[in-house]
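Asker: This is the structure, below, for whatever I ask next.
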Amino acid sequence: MIDPIKKNSTSFKKIGVAADHAGFELKEYLANILREAGYEVTDFGNRELKPEDDYPDYVIPLAYTITNGIVDRGIAVCGSGVGACIAANKVAGIRACLIHEKFSARQGVEDDDMNMICLGGKVVGHSLALELTTIFLKAKYNDEERHKRRLARIALLEDVKK
């Protein structure tokens with residue numbers, strides 16, 4: 001397993017986390033480890049386990065803080081990670097991906113400038129979730145022309161929504 005990276009080893013220092021009841025326990029686990037590693041972690045909730053809560057109530061505010069530059073990257077957790085990913089991607093400027101394996105945790109940032117990782121609290125265990133999160137936070141966007149061109153096409157779609 002990869003050890004959590006230290007705050008001073010990356011330019012990403014402010015991390016936002018969000019989860020509903022199904023992702024609550026995994027979110028708490030990751031947030032505590034990231035704090036211990038020196039990150040400034042902002043918790044968008046839920047801050048207590050409530051079986052009737054809904055992931056959009058926590059994921060959408062997290063998404064807006066990423067697009068507004070308040071946090072550098074985000075981690076969203078629901079039962080499968082799918083709902084959190086769908087909700088987050090409704091916010092212009094968010095590039096959230098459901099990640100359950102290591103290659104995409106890195107490649108999603110390098111090629112697609114992923115700024116939010118979505119995890120399934122009922123799908124991914126603690127060890128793998130920490131490894132995926134660490135890879136996500138270590139990865140850096142490779143701003144090659146082909147990647148910028150593709151992201152510009154996506155941004156055009158977001159402008160149409162306005």
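The values are calculated or read from the model by the stated rules, or taken from the named source; none is laboratory data. Computed from a prediction, not measured in an experiment: that's the story for all the values here. Reconstructed Cβ throughout: ideal geometry from the backbone, glycine too, with neighbour counts over all protein chains shown. Each accessible area value is taken on the protein alone, full model and side chains, heavy atoms only, with ligands, DNA and RNA left out. Shrake-Rupley method; radii C 1.70, N 1.55, O 1.52, S 1.80 Å.
Asker: Of the numbered conditions (1) open to solvent by 20 Å² or more (accessible area, probe 1.4 Å); (2) under 16 Å from the mean Cα position of the chain (by Cα); (3) farther than 29 Å from residue 54 by Cα, residue 139 fails exactly one; give the number of that condition.
Answerer: Residue 139 satisfies all of (1) open to solvent by 20 Å² or more (accessible area, probe 1.4 Å); (2) under 16 Å from the mean Cα position of the chain (by Cα); (3) farther than 29 Å from residue 54 by Cα except (1).
Asker: Residue 63: over 18 Å from residue 41 (Cβ atoms), assigned to a helix (DSSP H, G or I) and within 13 Å of the chain's Cα centre (by Cα), yes or no?
Answerer: Answer is no for this residue.
Asker: Condition check: among the hydroxyl-bearing types (Ser, Thr, Tyr), open to solvent by less than 10 Å² (accessible area, probe 1.4 Å) and either free of Cβ contacts under 8 Å to residues at least 60 places away in the same chain or in contact with an Asp or Glu (Cβ under 8 Å, 6 or more places away or on another chain) (or both). Does residue 134 satisfy that?
Answerer: Considered against the rule, which asks whether it is among the hydroxyl-bearing types (Ser, Thr, Tyr), open to solvent by less than 10 Å² (accessible area, probe 1.4 Å) and either free of Cβ contacts under 8 Å to residues at least 60 places away in the same chain or in contact with an Asp or Glu (Cβ under 8 Å, 6 or more places away or on another chain) (or both), residue 134 comes out as yes.
Asker: Given the condition surrounded by fewer than 19 Cβ atoms within 10 Å (Cβ to Cβ), of a type in the set (Asp, Glu) and over 18 Å from residue 139 (Cβ atoms), answer yes or no: does some residue in region 98-116 qualify?
Answerer: No, because not a single residue in region 98-116 is surrounded by fewer than 19 Cβ atoms within 10 Å (Cβ to Cβ), of a type in the set (Asp, Glu) and over 18 Å from residue 139 (Cβ atoms).
Asker: Moving to a separate point now. Touching a Leu at 6+ places or on another chain (Cβ under 9 Å) and open to solvent by 20 Å² or more (accessible area, probe 1.4 Å): is that true of residue 49 in this structure?
Answerer: When the stated conditions are applied, residue 49 does not pass them.
Asker: Go through region 81-127 and give me each residue that's in a loop (DSSP other than H, G, I, E, B) and of a type in the set (D, E, K, R).
Answerer: The answer is 90, 95, 101, 113, 122.
Asker: For residues that are buried (at least 22 other Cβ atoms within 10 Å of the Cβ) and either outside any loop (DSSP other than H, G, I, E, B) or over 16 Å from the mean Cα position of the chain (by Cα) (or both), tally how many sit in region 23-37.
Answerer: The qualifying residues number 5.
Asker: Also, I was wondering about something else. Quick one: residue 75 ticks every box in (1) surrounded by 15 or more Cβ atoms within 10 Å (Cβ to Cβ); (2) of a type outside the set (Lys, Arg); (3) over 12 Å from the mean Cα position of the chain (by Cα); (4) farther than 25 Å from residue 156 by Cβ bar one, so which box is it?
Answerer: (3)
Asker: Oh, and also: Find the residue count for region 39-65, including only residues that are farther than 13 Å from residue 84 by Cβ and at pLDDT 95 or above.
Answerer: 7
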